[in-house]
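Everything below concerns the one structure shown next.
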């Protein structure tokens, strides 16, 4: 039987300078598995959702999601006293994480070469838009622009429309997962060799890596890859798309690949006369007439309840799924509810906040998140007194010297 209290990263301490989304989501992944993450915060970032908090429902939700389970301290990194405290925290940490532009950490004397003098086996995670080398190494970036520059946005949308791209900063989430993975690899290497290392994560490269063989295809055929909407880039099934259903913004995704599936689909929707037309008699001809077919399928789905139509088509062996909203997933999906992907955890005031757990389950070290994000500077005493051993007199001297923000 698994020890449900076991945590794979228990005993690992991370000094977390990250903010906004990409960095905090990387360290949140590690916190879920037992790492003690000390989030260094600043009053200068109060309006940034990855910083202390923004006074909107969305900002609070994002803060609790990306920073759940962490500790929070405030340091004024504009003062020598604040920077001295940061260096003392480096000495007792396993990992330092940051996602600033390339100028910030060296300006604080906290670049990799500096912190490895404090702790030789330290691991440093540096996440940035374009990486720490190359002509764009010092440029700052945002998720939507990174997605565009990586080539991702150009492939998103329909052939006769402008590029759309994801609705949110997808590159931040992708970069966060890449950063967490890289830290785990560095920890494994350090356990084997005793050596730390510097991790250089480029969010642009993380996004570009998702494009798969498309870059190779471009280099081989020398033509642009066109947007295909909901259809497969390499061709294939028809119908293949998302179709409107009854109700406001209700949609059903349907995929039919071969003739057997087509016969099953036609039978399930009542064998309308158009389903037996010659132009839809084979997979190849259905693909050639996909635009006409989509309109006919839509004429059926638009009169259907999305959930009922999904279950009916699935029973007939057809790949079909409701295009779920956030409310569908959070409140109405029985599978996600049973799996427990969304959890309610208390914040510092005892208010329950809904966040998602890690999207994987380890049988021996399942990991857990037990609390929401900390209030700004909530763990100042714990970190300074218990971890660093600071006494009252020294604490007062630090405050006078402006160490705290």
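Any read-out appearing in this document is the output of simple, stated calculations on the displayed coordinates, not a laboratory observation. These numbers come from a predicted model, not from an experiment. Cβ coordinates were reconstructed from backbone atoms using ideal geometry, including for glycine residues, and neighbour counts include every protein chain displayed.
Rounded to the nearest 10 degrees, the inclination of helix 170-193 to the longest alpha-carbon principal axis of the chain is 50 degrees. Rounded to the nearest 10 degrees, the inclination of helix 22-32 to the longest alpha-carbon principal axis of the chain is 80 degrees. Tell me the angle of helix 306-315 to the major Cα principal axis of the chain, expressed in degrees between 0 and 90 and rounded to the nearest ten. The angle comes out near 70 degrees.
Put simply, the Cα atoms of segment 195-253 extend 59, 33, 16 Å along their principal axes, the longest span coming first. Pairs of Cα atoms nearer than 8 Å and 6+ residues apart set the relative contact order; for segment 166-254 it is 18 percent.
The percentage of C-alpha pairs in the chain whose separation is greater than 31 Å is 50%.
Computed from the C-beta positions of residue 228 and residue 342 and an R0 of 41 Å, the FRET efficiency is 0.80 to the nearest 0.05.
Annotation: the residues 170, 243, 142, 360, sorted from fewest to most other C-beta atoms within 10 Å of their own C-beta, follow the order 360, 142, 170, 243. Once C-alpha pairs closer than 8 Å and six or more residues apart are averaged by separation and normalised to the residue number of segment 55-155, the relative contact order reads 21 percent.
What the Cα atoms of segment 324-367 give is an Rg and a Dmax of 12.1, 33 Å. If you take the Cα centroid of segment 98-134 and the Cα centroid of segment 335-405, the two points sit 24 Å apart. With the Cα gyration tensor of segment 240-330 giving a ≥ b ≥ c as the square roots of its eigenvalues, does the rule (a/c under 1.5 for rounded; else a/b larger than b/c for prolate; else oblate) give rounded, prolate or oblate? Cα axes put segment 240-330 in the prolate bin.
A compact globular protein would have a Cα radius of gyration near 2.2 N^0.38 Å; the ratio found for segment 62-207 is 1.19. Values of log10 I(q)/I(0) for segment 341-405 across q = 0.21 Å⁻¹ run -0.88, by the Debye formula with one identical scatterer at each alpha carbon and no solvent. Based on DSSP H segments of at least four residues, each scored -39500 (n - 2.57), the chain has a per-residue ellipticity at 222 nm of -10000 deg cm²/dmol. In terms of packing, defined here as the mean over residues of other Cβ atoms within 10 angstrom, the peptides 340-347, 76-83, 35-42 line up highest first as 35-42, 76-83, 340-347. Run the Debye formula on the Cα coordinates of segment 276-405, all scatterers equal and no solvent, and tell me log10 I(q)/I(0) at q = 0.10, 0.17, 0.18, 0.21 1/Å. Normalising to I(0) and taking log10 leaves -0.65, -1.05, -1.09, -1.23.
Here the ratio of the Cα radius of gyration of segment 222-285 to 2.2 N^0.38 Å is 1.31. Here the contact order of segment 240-330, divided by its residue count and restricted to Cα pairs under 8 Å and six or more residues apart, works out to 42 percent. Peptides 325-332, 19-26, ordered by how many other C-beta atoms sit within 10 Å of their residues on average, highest first, read 19-26, 325-332.
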